[in-house]
Amino acid sequence: MLEPASMTAPAPIRVLPDAVINQIAAGEVVERPASVLKELVENAIDAGATRVEIEVVDGGRRLVRVRDDGSGMDRDNALLSIERHATSKLRELKDLDSIATLGFRGEALAAIASVSQFSLVTNREGAAAGTEILIFGGKIQDVRDAGAPRGTDVAVRNLFFNVPARRKFLRSAQTEFTHVRQTFLLEALAHVGIEFVLRADDADVYRLPAADNLLDRVRDLYGPEVAGHLRPIRFGNGVVEIGGYAGLPPFSRLDREWQVTFVNGRPAGSPVVNFAVQNAYRDVLVGGRYAPLFLRVDLPADLVDVNVHPAKKEVRFRRPTEVRDVIVEAIRLAISGGELPRGKRDDTPREGMRPAFSAPPAAPLRPAAAFAPVPPPVAATQPKLDWAPPPVPAAAPAPAAPWAEYRLLGRVGGQYVVLETADGLVLMDPRSAHERVLYERLLGAMEKGQVPSQGLLPPATVAVSPTQAAALRKHLGLLKELGFGVADFGADTFLVDALPTWIAGVAPGPLLSDVADGLLQGGKGAARDWALPLVADVAGRQAVGFQRELTDAELHALVRDLSRTEMPYTSPRGKPTVILLGLRELHRKFGRE
Amino acid sequence: MKIKVNKEAMIDCLQKIQSVINPRNALPVLSNVLMKAEAGKLELTATDMSLTVRATLDAEVLEAGTTTLPAKRIFGVFRELSVEEAEMDVSDQNVASIQAGSSYFRIHGISEADYPNLPEMADPKVYVVDQAAFRNMLKLTSYGASVDANRPLLNGVLLSFKAGKLSVVATDSRRLALAEHEVEFPADAELDLIVPLKTVEELVRTLGENGTLKILATPKQIAFEFDRILIVSKLVEGTYPNFRQVIPQANGERVAMERETLLTAVRRTSQLVIDAVSGVKLTFTKNRLEILATAPEIGEARETMDVKYKGPDIAISFNPAFLMDPLKALTTDEVYLDLMDDTSPGVLRSSISFVYVLMPIRVS
């Protein structure tokens, strides 16, 4: 008779052999070739490399090789480096609180070596001979002298060859390579002063010369179009310092591929950062679209916990609210001020073009001066200087307008407007543009506490549904702040005796009804925050002139008004206001370089 | 149909009617002008279905008939003719052959059977008014009409025939313009008619300076007959807001000002009002007016002018465009502004029968 399994004698507890421990650790640290690459590259960088050459074969499944020109190791150190928790970076537990180098867990090389066919060749400056170590599945096969240049060359072959269960989970070479490339991009962006080469299956994928600043690296990686639409971020509160570049909405994607965050130089995400970024772009981009963003967050090492995620992909902040607020402010300052970093441009007005500014440009609406931009700190915890944006001349804040002067060419489909600018062609959606203009006017007036309100002749009585009436009653104070003269007349009827000046020409009935519907749907956070875009949106829908074709004079006024806004590229609800078609792009489309 | 017409007369008539044609209409025949030749006359008609304009000119009719031809093309052809007279021969297939001096044109038309008929006007009320006076009343008021398509009533200009006078009113609920004129009509012809703005604009363009105008009205249609022109328009249906209740009964304090001086002063200061709606502030002190426009990030503009005023100091803000509109339309030398306080409407008057009520802008 068979006994139930639970009745069998318990297996004796055994201490796991090192090789198994390493394999288990490998499960945490090494997921796929990309994670191997990450560990190796960070080791190379920690060794002071100025050039890192990476080679992968078959998406990294057959080979991941990283060669650097860093300090290299002598034989003892080389052997130590492949022992579990052997690390030159961590001696006591308290050191964990002030981790400033990139790789620190000490288990990486040992783990990788335990699940691959591993070779390491390393040499120090001036040493007679280098060391070569060969390890198969965690077992040292050979340690011998080898002639080698200064630096370290690690090759990881046939990852998981001895762990079929994990090898099975590797994806196609193409998918694995996508991950490899993503890791490469992050490292290349994090260390712009280092020369990087990525070769895949014997072909060059990237050759990135050492760059002076992030912008050059971004240009090398993503092309001039993306780089041309970035604004430098420089803001901080003395503790948390934010740097990098924020993209402008004409460029956006449906995924976060273009959004990269570095916390103390380490590529890392955090829900706090994602939330802050979304918040900063909330009235600029439609939900679900992401602008290019290369964000650097620097803060004292004791305010961030990097040891949360085994693969170090995520960090935790000790003061999340503060970090979030500083990030939001930093990005909003960046995308609302300053001019696009562009190449040389012919600034002489062209014949027949109108200057978009007939008066000196308005200063930013926000009290930007209250936060003098702090240059990114050369953090004691962060020896890399590469991130500092190129110095910006201390000129007066330039308008964010996508054109300095323009010519009105005409209309498409009776709806969209075509403009010629010095840079090419601009298509404008008047309704979105109008929403943006209204929104910023209301916002500006509200911030000054002076919303001009046009009296109505005679006051209108507006009847709404009971639910609408409840919403209006709840927000009467807010409506007054927004410039509405609305009074409860009883029986779900309201007396409207004034409207915000800029939308005073519209019929009060439909306007109030739409506003009530918007208030009913609500939004996130304080009513003030979402009520403004709501009013702008409703006003845009109701606005005079958008049921017919705008006259030239109205269009000129709109273009001028839009060019004066802080964020001329999108409506407050995130729809694009303009589509820019640069001459460069036109030349390319016509095959003229 | 076969006619001989004078080039200039033809151009003159086509100019008067073709602005009615909607350049983007769905029915091709509506891009055409209806031509009817009969008994020494040629009638030209254009319509957008709501508004129809007909002009008549003398022509030598060799063979009576009717057709429709593309308005823009016919106009272009006649404008470029090198001789004074053209002969037009239209076949039964609506193909027009135009011979003028050494030029020859052949233009394809569409059968008049496809062209909409002029609406019937059964038992209309009839009014006779002076052309020039009527045109002036329209000019004095029509700028005040709303252009918001959501408010069809206010998109029109009200012609109110009541108590022996014609009141012409336009408002967009921020200002209201009213002009009045004595007109004789029987008591049973007291009517309120709301005329669409497009029709008013057409009238302002085509009405002459001399002679009278005959207005025929039914509850749904209105027709204007003058010179050799007939304009027939749909009316806006509905009841116009009671404009009398909007005009303040109490007069308040009266300021007398030179119209031209005020207009230019407001125009100058409003240069700084970037969005044309932030308002200019008018401060009245004894015999003095200061007009101030400020734009926080741009600067300010200040004008002072002499006025006739003895009341207490008063300051009030208006939309400069709304203040300028009546000043531009008026021709009198002096205007009067009646003010109560900074939140009550200002009332602008002149020596003629004209009232303009303007709501101030207040800052909350």
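The values are calculated or read from the model by the stated rules, or taken from the named source; none is laboratory data. Model, not experiment: these values are computed from the prediction. Every residue, glycine as well, gets a Cβ built from its backbone with ideal geometry; the counts of neighbours run over all protein chains shown.
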Search result, residues across region B:306-320 that are crowded, with 16+ Cβ neighbours inside 10 Å and outside any loop (DSSP other than H, G, I, E, B): B:Ile314, B:Ile316, B:Ser317, B:Phe318, B:Pro320
Qualifying positions in region A:255-271 - more than 13 Å from the chain's Cα centre (by Cα) and assigned to a strand (DSSP E or B): A:Arg266
Leading residue by the ranking (modelled with the lowest pLDDT) among those in region B:269-282 that are crowded, with 16+ Cβ neighbours inside 10 Å and not in a loop (DSSP other than H, G, I, E, B): B:Leu272
Count - residues of region B:116-132 that are among the hydrophobic types (A, V, I, L, M, F, W, C) and buried (at least 16 other Cβ atoms within 10 Å of the Cβ): 1
Some residue of region A:445-462 being surrounded by fewer than 20 Cβ atoms within 10 Å (Cβ to Cβ), modelled with pLDDT of 85 or more, among the basic types (Lys, Arg) and farther than 30 Å from A:Glu225 by Cα: no
Candidate set from region B:147-165 (those that are crowded, with 22+ Cβ neighbours inside 10 Å and in contact with a Ser or Thr (Cβ under 6 Å, 6 or more places away or on another chain)); member that is modelled with the highest pLDDT: B:Val157
Inter-residue pairs, beta-carbon under 7 Å, first in contact (Cβ under 8 Å) with a residue 40 or more places away in the chain and in region B:105-119, second part of a loop (DSSP other than H, G, I, E, B) and buried (at least 18 other Cβ atoms within 10 Å of the Cβ), 6+ apart: B:Gly109/B:Asn94; B:Ile110/B:Asn94; B:Ser111/B:Asn94
Residues of region B:172-187 that turn out to be surrounded by fewer than 20 Cβ atoms within 10 Å (Cβ to Cβ) and either touching a residue at least 60 places away in the same chain (Cβ under 8 Å) or within 14 Å of another protein chain (Cβ to nearest Cβ) (or both), as a count: 3
Test result for B:Ser351, within 31 Å of the chain's Cα centre (by Cα), surrounded by fewer than 16 Cβ atoms within 10 Å (Cβ to Cβ) and away from every other protein chain (no Cβ under 11 Å): yes
Search result, residues across region B:143-171 that are within 14 Å of chain A (Cβ to nearest Cβ) and assigned to a strand (DSSP E or B): B:Val169, B:Ala170, B:Thr171
Members of region A:493-521 found to be modelled with pLDDT under 85 and among the hydroxyl-bearing types (Ser, Thr, Tyr), listed by number: A:Thr501
Complete set of residues in region A:426-452 that are over 21 Å from A:Val578 (Cβ atoms) and in a loop (DSSP other than H, G, I, E, B): A:Gly449, A:Gln450, A:Val451
Filter result for B:Thr343 (surrounded by fewer than 16 Cβ atoms within 10 Å (Cβ to Cβ) and within 13 Å of another protein chain (Cβ to nearest Cβ)): yes
Condition met for A:Leu478 (modelled with pLDDT under 85, surrounded by 16 or more Cβ atoms within 10 Å (Cβ to Cβ), at negative phi and not assigned by TED's automatic domain parsing to the domain that holds A:Asn279): yes
Residues of region A:415-468 satisfying the condition of being aliphatic (A, V, I, L, M) and within 13 Å of chain B (Cβ to nearest Cβ): A:Val437, A:Leu438, A:Leu442, A:Ala445, A:Met446, A:Val451, A:Leu456, A:Leu457, A:Ala460, A:Val462
Positions within region A:492-503 being more than 9 Å from chain B (Cβ to nearest Cβ), among the hydroxyl-bearing types (Ser, Thr, Tyr) and within 14 Å of A:Leu457 (Cα to Cα), in sequence order: none
Region A:120-147, subset in a loop (DSSP other than H, G, I, E, B) and without any contact (Cβ under 8 Å) to a residue 60 or more places away in the chain, residue nearest to A:Ala78 (Cα to Cα): A:Arg124
Only listed residue being of a type in the set (Ser, Thr, Tyr) and either modelled with pLDDT under 75 or over 27 Å from the mean Cα position of the chain (by Cα) (or both), chosen from A:Ser432, A:Ser465: A:Ser465
Check on A:Val506, surrounded by 18 or more Cβ atoms within 10 Å (Cβ to Cβ), within 14 Å of another protein chain (Cβ to nearest Cβ), more than 22 Å from A:Lys448 (Cβ to Cβ) and touching a Pro at 6+ places or on another chain (Cβ under 7 Å): no
Flag for B:Asn32 being touching a residue at least 40 places away in the same chain (Cβ under 8 Å) and polar (S, T, N, Q): yes
Residue match in region B:214-230 (condition: closer than 16 Å to B:Ala145 by Cα and outside any strand (DSSP E or B)): no
Residue list for region A:522-538, filter: at pLDDT 70 or above and not charged (D, E, K, R): A:Ala531, A:Leu532, A:Pro533, A:Leu534, A:Val535, A:Ala536, A:Val538
A:Thr183 being assigned to a helix (DSSP H, G or I), over 16 Å from the mean Cα position of the chain (by Cα), hydroxyl-bearing (Ser, Thr, Tyr) and on the phi < 0 side of the Ramachandran plot: no
Residue check, B:Val168 over 24 Å from A:Gly509 (Cα atoms) and at pLDDT 95 or above: yes
Test set (1) buried (at least 21 other Cβ atoms within 10 Å of the Cβ); (2) at pLDDT below 80; (3) hydroxyl-bearing (Ser, Thr, Tyr) - A:Thr551 fails condition number: (1)
Residue match in region A:242-254 (condition: part of a helix (DSSP H, G or I) and of a type in the set (Val, Ile, Thr)): no
Residue match in region B:283-305 (condition: in a strand (DSSP E or B), farther than 26 Å from A:Glu481 by Cβ, touching a Gly at 6+ places or on another chain (Cβ under 8 Å) and more than 12 Å from every other protein chain (Cβ to nearest Cβ)): yes
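A quick yes/no check of all residues on (1) modelled with pLDDT under 85; (2) aliphatic (A, V, I, L, M):
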| residue | (1), (2) |
| --- | --- |
| A:Leu90 | yes, yes |
| A:Glu107 | yes, no |
| A:Ile112 | no, yes |
| A:Gly130 | no, no |
| A:Ile140 | no, yes |
| A:Pro149 | no, no |
| A:Asp153 | no, no |
| A:Arg157 | no, no |
Top-ranked residue in region A:211-229 [being in a helix (DSSP H, G or I) and among the charged types (D, E, K, R); ranked as nearest to A:Glu585 (Cα to Cα)]: A:Glu225
